[in-house]
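The values are calculated or read from the model by the stated rules, or taken from the named source; none is laboratory data. Nothing here was measured: the structure is a model prediction, and the numbers come from that model. Here the Cβ is made from the backbone with ideal geometry for all residues, glycine too, and neighbour counts use every protein chain on show. Protein only, heavy atoms only, side chains kept; ligands, DNA and RNA dropped before computing areas. Shrake-Rupley method; radii C 1.70, N 1.55, O 1.52, S 1.80 Å.
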Amino acid sequence: MLKTTLITGSILLASLYIGFGDRFTFLPKEMQTTSVQTRTSLTKFGTGLIPKWVSNTKEKPDAFERTEQQLQQEQKAP
């Protein structure tokens, strides 16, 4: 029971530090900077796990362009 509580508490404290450590004014500046760097590293690691064809959002708005052109051609045709 004590082991589970310690693990859960450690994970909760680490998550709070990583997520909000830069906003805690009572922490030293070095710890605030480390929080931001850790969050940035975790974000880059997490996005690196996703294939580029899934996360490439720049091409998604143009995905339906061909369909729209075909609809416009059908509307113009008698």
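Things to note:
- Filtered residues of the stretch 30-54 (kept if of a type in the set (A, V, I, L, M) and assigned to a helix (DSSP H, G or I)): 31, 36, 42, 49, 54
- Yes/no for residue 37 being open to solvent by 100 Å² or more (accessible area, probe 1.4 Å), among the polar types (S, T, N, Q), under 25 Å from the mean Cα position of the chain (by Cα) and at pLDDT 85 or above: yes
- Take the conditions (1) exposed (fewer than 10 other Cβ atoms within 10 Å of the Cβ); (2) at pLDDT 85 or above; residue 11 misses just one of them, which is (1).
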